[in-house]
There are 2 protein chains.
Amino acid sequence: MKNALGIELPEFIDGYGEVVPFQGERKNPTLKPKTQVKESVVLPGDNKVLNSIDEALNKIELKDGITISFHHHLRNGDYILNMVMEKIVARGIKDITIAASSIFPVHEPLVKYIRDGIVTGIIASYISGPVAESISNGELKKPAIMQTHGGRGRAIESGDIKIDVAFVAAPTVDTYGNINGVSGNAACGALGYAVADCQYADTVIAITDNLVPYPACPIEIDQTYIDYIVNVECIGNPAGIVSGTTQITKDPIGLKIAKMASKVMKVSGLVKDGMSFQTGAGGISLAVAKELENIMITEGIKGSFASGGITGYIVEMLEQGLFQGLMDVQCFDLKAVESYRKNLTHQGMSASMYGNPHNKGAVVNNLDIVILGATEIDTDFNVNVTTGSDGVIMGGSGGHSDTAAGAKLTVIVSNLIKARLPVIKDRVTTATTPGESIDVLVTERGIAINPRRVDLLEKLKETNLPVMTIDELKELAENMTGKPRKIECEDKVVAVVEYRDGTVIDLVKKVK
Amino acid sequence: MKNALGIELPEFIDGYGEVVPFQGERKNPTLKPKTQVKESVVLPGDNKVLNSIDEALNKIELKDGITISFHHHLRNGDYILNMVMEKIVARGIKDITIAASSIFPVHEPLVKYIRDGIVTGIIASYISGPVAESISNGELKKPAIMQTHGGRGRAIESGDIKIDVAFVAAPTVDTYGNINGVSGNAACGALGYAVADCQYADTVIAITDNLVPYPACPIEIDQTYIDYIVNVECIGNPAGIVSGTTQITKDPIGLKIAKMASKVMKVSGLVKDGMSFQTGAGGISLAVAKELENIMITEGIKGSFASGGITGYIVEMLEQGLFQGLMDVQCFDLKAVESYRKNLTHQGMSASMYGNPHNKGAVVNNLDIVILGATEIDTDFNVNVTTGSDGVIMGGSGGHSDTAAGAKLTVIVSNLIKARLPVIKDRVTTATTPGESIDVLVTERGIAINPRRVDLLEKLKETNLPVMTIDELKELAENMTGKPRKIECEDKVVAVVEYRDGTVIDLVKKVK
């Protein structure tokens, strides 16, 4: 069978199960009730604080085939996943599925467990580094499942992912399990990706290096979700957790793209009072934020909110009154953490509130403009942020598909040529976000508008911006680089790429 | 069959169902998973704001036998329940169950609906005024179900109460459903009793008189739980919502009781660094808080937290650094609302987090001392706060049983004689909180210690406090008032009193 992007899919994939093909951004064929959650009784006087991870593992029924979860707010500074896995593996447990919101290079020790058949499943929204390469090499027994941030929230809430034990990296936790990310050595700010894990896992173990007296205020994740608390020496390396500062690109081409993107935003008519905005932490994305800031100040525009992973640049916009509030699932730098700690209008949100298509309206639904990147984009505007042009996994949707689906204007900013390859392909190596969600591609050489957006095309034609078709833009690039050769893959499915609603938008095959 | 208090119960009650008898404070025989929740899809561009309650009712499947819920943060100033009921009744809907966290005199219009057989069921944690009298007179078709605050959270989460539509009084709400209680004409502070309703109802309708642009920060109840928003002229009368100020008793007997209670607390050894405390908003309860404040200041004691409905007196203790944080389910006065708005350590909590025995540990579990009232207490220390000595419903547990079960020291403060009747009975008219949860009764004439608390009795014997047995204290009272006559009831069960775990602790019969 084929999905809505015309991608051929089997009806069943070993190690994954039945395939529901992607049917379109707003079709949601998989809607079902939220799953039941195990209830517990913790009596007055019961003690939740344990002395070691081993003591916590003694409390739970560890068995082969278990699914354990982690969240990625400590990013490439995370010590928790490796620490826990070492202890679990030492107990001889096999056939483990890791449901981590993201996996980073620091999690390299997983590769050995994958090769040894100890870790057989991985579910994540973003995977980079050695684990991604191992998966692409076909070393993981079951296909990895790549989700979106909102899709992961949905999957946990619906029971598509059944978490046996969630391990929560807690920068600060009190003796009864109230967690926040605003204090402690590993302070990382908002903890949005851990919320569903805590709400739905059978057992939740908070691991901290900052155990404080009850009650730890402000509470981000509360005591009613936490079974046990373990205090360890150190949960993460601050250098890898948040950037000291995030930086606007200094590359003139990047700055040019940002300027062009800001003009497109302006022309769209969405830059006005009450506007909402999201951009990433990359150099070009931040440069777009800076351009927007200038426009808003010059024109006296007061926005509604900015969302997403939050950076210091966005905080500055809040503090200047350019936005009424920030909706934050994850802080990208120290300034964002500090703002989240002190600004009442800097609001935390769960991944589900951020982007789950199956609740009563996620934050992305209210986005006017989102600025996103792309590894590849094809002439149908489908975007790949999952694999490199060599077919190897190097990322994943994160919030890409969620925000693109929600925003009124989704702008992809990219150099036209990256690492000597055109960013525009006939067909993306892997479809992460469907073309119907993408409105504009802005490159330094030209701007392509999705033909669905006739309205926007009309508006842009009245400007002197270099608007062309995406095919023209592709040709422009190929004239410089030559036509890139098609990568070759084997038949083995190494990863299933789920759209935010849980349907399958693409498959990643083993690289040759 | 008999429950653990020796109260005879039928195995089945018409209009209620199977009876699980109360088996003891910590037995929890009814533990089960949290129920499934209906999922929805709200697409970008969908509008949640409707023009009237009628328009909202048009969106839902109103049918006979429906269960609708309300929360009581607007207390006796609430306009919502009557407003909604008028519209629903106008549509000819019958056999309605009202699941309101509490019902106040202002809800008198319900009496007519009860008599007309339109409202046939009531589930609440506290009922006072005409509705309570109507129930006691046997006018409601099904027995009312009286729960605790934590028990209501548990019942909604477990599916024991299935809410079809929740109507949420929203002092402030934005256009996508983010609610807070800190702003607006009806600002009432924490919204803890509405949380489970929003999380578990099939449909949630927020009714406000302060609709604000998105996003309303701080968010107490978020957009992912709200289906529709209706803006009306006025949701409540501020005079009935929160007291301008709550007042310490000026009655010398009350002050004497408070002083004695504070001495008991001191002797217990629990008044020390890290202590936690809860008291009510009544005059004697506040006087106890004032006594505690003096002790803490004099002795340089820094407490952990105070919880419950929060008053300005408790806020003053927070702001003096006597507590590290406040855990607040409901603000009782304007000073508490103001503090909840501005103090980061003044933390909101849901009713479930407050007192649900079936989560991973409620706040009450960490209470050291709670000060509570009693309409009656019997020689087994069982307490009645549900019915008057005439057998008529005039209240309910609220958080009484929850806090009493959790706290290390539960102190009942009461005048020995109230309205010419001794507060101590051979047997309470209605058992609300079991004697095993009660440690001490403090009256102006003497202090009785629950014989289970041998440790406390030993400590108090070393003081000059007037300690006696509860039988001696009862005799003292009866010597003054004479032996009160026993009230007579008919066989008809008008209310089932559920303990916090959902077992049946007592029945209220129709008064003769």
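Since every read-out is calculated from the coordinates, none of them should be taken as a lab result. As the structure is a prediction and not an experimental result, all values here were calculated from the model. Neighbour counts are summed over all protein chains in view; Cβ atoms, including those assigned to glycine, are modelled from backbone coordinates with ideal geometry.
Per-residue HN-Hα couplings for segment B:502-512, Karplus 6.51 cos²θ - 1.76 cosθ + 1.60 at θ = phi - 60°, whole Hz, x for Gly and Pro?
With coefficients 6.51, -1.76 and 1.60, one gets x, 6, 9, 9, 6, 10, 9, 9, 4, 6, 7 Hz.
Using only the alpha carbon atoms of segment B:165-309, find the Kirkwood hydrodynamic radius as the inverse mean reciprocal pair distance, in angstroms to one decimal. Mind dumping the intermediate values first?
Numbers: mean 1/r = 0.0566 Å⁻¹.
So the Kirkwood estimate lands at 17.7 Å.
Binning at 5 angstrom from zero up to the longest distance, how are the C-alpha pair distances of segment B:183-257 distributed in percent?
Going out from 0 Å in 5 Å bins, segment B:183-257 shows 3, 12, 18, 21, 16, 9, 6, 5, 6, 4, 1 percent.
Kirkwood hydrodynamic radius for segment A:1-42: how many Å is it when counted over pairs of different Cα atoms?
Numbers: mean 1/r = 0.0765 Å⁻¹.
When all Cα pairs of segment A:1-42 are included, the Kirkwood radius is 13.1 Å.
Can you compute the radius of gyration and Dmax for segment A:1-92, using only the Cα atoms, both in Å?
In order Rg, Dmax, the Cα atoms of segment A:1-92 give 20.1, 59 Å.
How long are the semi-axes of the equivalent ellipsoid of segment A:51-96, taking √(5λ) for every eigenvalue λ of the Cα gyration tensor, in whole Å from largest down?
Semi-axes from the Cα gyration tensor: 19, 13, 9 Å.
Normalise the Cα radius of gyration of segment A:82-141 by 2.2 N^0.38 Å (N = residues in it) and let me know the number. Before the final figure, lay out each step's value.
Values: Rg = 10.4 Å, N = 60, 2.2 N^0.38 = 10.4 Å.
It is 0.99.
In nm, what does the list of distances from B:GLY17 to its counterparts in the other copies look like, shortest first, when each label sits 7 Å along Cα to Cβ?
Distances between equivalent label points, in nm: 2.9.
Please express the shape of segment A:252-492 as an equivalent ellipsoid: the semi-axes are the square roots of 5 times the eigenvalues of the C-alpha gyration tensor, given largest first in whole angstrom.
Equivalent-ellipsoid dimensions as semi-axes: 29, 21, 16 Å.
Considering every Cα-Cα pair within segment A:364-512, what fraction, in whole percent, is farther apart than 19 Å?
51 percent
Given points 7 Å out from each Cα along the Cα-Cβ axis, report the A:ASP455 to A:GLN247 separation in nanometres with one decimal.
Placing both labels 7 Å beyond Cα along the Cβ direction yields 4.0 nm.
Going by how many other Cβ atoms sit within 10 Å of their own, how do A:ARG453, B:ARG26 line up, fewest first?
B:ARG26, A:ARG453
Taking Cα centroids, how far is segment B:204-223 from segment A:174-243 in Å?
28 Å
Where both residues lie in segment B:52-240, what percent of DSSP beta bridges are antiparallel, nearest 5?
For segment B:52-240, the DSSP antiparallel bridge percentage is about 15.
Evaluate segment A:223-264: find the radius of gyration of its Cα atoms, find its Kirkwood radius, and give the ratio Rg to Rh.
Rg/Rh for segment A:223-264 comes to 1.37.
B:ASP54 versus A:ARG420, label points 7 Å from Cα toward the beta carbon: distance in nm?
So the two model labels end up 7.3 nm from each other.
When 1/r is averaged over all different Cα pairs and the result inverted, which Kirkwood radius in Å belongs to segment A:52-240?
16.2 Å
Just to confirm the numbers: A:GLU61, label point 7 angstrom along the Cα-Cβ line, distances to the other copies in nm, shortest first?
Spacings between copies for this position, smallest first, are 3.6 nm.
Hey, any idea what Rg/Rh is for the protein assembly as shown, computing Rh the Kirkwood way over Cα pairs?
On the way: Rg = 30.4 Å, Rh = 30.1 Å.
Reported Rg/Rh, Kirkwood definition of Rh: 1.01.
In this model, which of A:LYS48/B:LYS408; B:LYS259/B:LYS486; A:LYS360/B:LYS162; A:LYS34/A:LYS63; A:LYS290/A:LYS342; B:LYS2/B:LYS34 are farther than 21 Å apart at the alpha-carbon? The partial results should precede the final answer.
Working: A:LYS48/B:LYS408 18 Å; B:LYS259/B:LYS486 33 Å; A:LYS360/B:LYS162 19 Å; A:LYS34/A:LYS63 25 Å; A:LYS290/A:LYS342 23 Å; B:LYS2/B:LYS34 28 Å.
Check vs 21 Å cut-off fails for B:LYS259/B:LYS486; A:LYS34/A:LYS63; A:LYS290/A:LYS342; B:LYS2/B:LYS34.
Go ahead and estimate [θ] at 222 nm for chain A from helices alone: -39,500 (n - 2.57) per DSSP H run with n ≥ 4, summed, over the residue count, rounded to 500.
So the calculated ellipticity at 222 nm is -7500 deg cm²/dmol.
So what J values fall out for segment A:189-200 if you push phi through Karplus, 6.51 cos²θ - 1.76 cosθ + 1.60 with θ = phi - 60°, rounded to Hz, Gly and Pro as x?
x, 4, 10, x, 6, 8, 5, 4, 3, 5, 6, 10
What is chain A's relative contact order, in percent, from Cα pairs under 8 angstrom and six or more apart in sequence?
In percent, rounded to a whole number, it is 17.
Can you bin every Cα-Cα distance in segment A:331-379 into 5 Å intervals starting at zero and give me the percent of pairs per bin, rounded to whole numbers?
Answer for segment A:331-379: a P(r) of 5, 16, 15, 19, 23, 14, 6, 3, 1, 0 percent.
Quick one: in chain A, whose Cβ comes closest to the A/B rotation axis, and how close in angstrom?
Nearest to the symmetry axis by Cβ: A:GLN36, 3.
Would you mind checking which residues have amide H under 5 Å from A:ASN178's amide H? H placed 1.01 Å from N; only 5 or more apart, or other chain.
Distant-sequence amide H within range of A:ASN178: A:ALA216, A:GLN223.
Would you mind checking which residues have amide H under 5 Å from A:CYS331's amide H? H placed 1.01 Å from N; only 5 or more apart, or other chain.
A:ALA190, A:ILE310
Considering only the label points, 7 Å along Cα→Cβ from Cα, what distances in nm to one decimal separate A:LYS141 from the same position in each other copy, shortest first?
Once sorted, the set of distances for A:LYS141 reads 5.7 nm.
Is there a simple number for the mean count of other chain Cβ atoms within 10 Å of the Cβ of residues in B:440-448, and what is it?
Averaged over the peptide's residues, the number is 0.
Taking amide hydrogens as modeled 1.01 Å from N in the peptide plane, which residues meet the under 5 Å criterion relative to A:SER69, leaving out close sequence neighbours?
The answer is A:ALA99, A:VAL165, A:ALA166, A:PHE167.
Taking the radius of gyration and the Kirkwood hydrodynamic radius from Cα positions alone, what is the Rg/Rh ratio for segment A:352-427, to two decimal places?
That ratio equals 1.02.
Students often get this wrong, so check it: of A:LYS266/A:LYS461; A:LYS87/A:LYS492; B:LYS250/B:LYS474, which have C-alpha atoms separated by over 22 Å?
As for pairs spanning more than 22 Å Cα to Cα, those are A:LYS87/A:LYS492; B:LYS250/B:LYS474.
Expressed as a whole percent, how much of the Cα-Cα distance distribution for segment B:40-123 exceeds 19 Å? Spell out each step's value before the answer.
Details: 1440 of 3486 pairs.
Across segment B:40-123, Cα pairs with separations above 19 Å total 41 percent.
Return the percentage of antiparallel bridges among DSSP beta bridges fully within the protein assembly as shown, rounded to the nearest 5 %.
In the protein assembly as shown, approximately 30 percent of DSSP beta bridges are antiparallel ones.
How would you rank A:ASP95, B:ASP46, going from fewest to most other Cβ atoms within 10 Å of each one's own Cβ?
In increasing order of surrounding Cβ atoms, one gets B:ASP46, A:ASP95.
Semi-axes of the equivalent ellipsoid of segment A:154-210: what are they in whole Å, largest first, if each equals the square root of 5 times a C-alpha gyration tensor eigenvalue?
22, 12, 8
Convert each backbone phi in segment B:56-66 into a coupling constant with the Karplus relation 6.51 cos²θ - 1.76 cosθ + 1.60 (shift: θ = phi - 60°), then list the ³J(HN,Hα) values in order as whole Hz, x for Gly and Pro.
Karplus values, whole Hz, x for Gly and Pro: 5, 5, 5, 7, 10, 8, 6, 8, 4, x, 5.
By DSSP, what percent of the beta bridges with both residues in segment B:315-445 are antiparallel, rounded to the nearest 5?
Working: 6 of 18 bridges.
Of all bridge pairs located within segment B:315-445, approximately 35 percent are antiparallel.
For a footprinting-style exposure proxy, rank B:GLU25, B:GLU11, B:GLU498 by other Cβ within 10 Å, fewest first.
The most exposed by this proxy come first: B:GLU11, B:GLU25, B:GLU498.
Scaled to the compact-protein estimate 2.2 N^0.38 Å, what is the alpha-carbon radius of gyration of chain B, rounded to two decimal places?
That ratio works out to 0.95.
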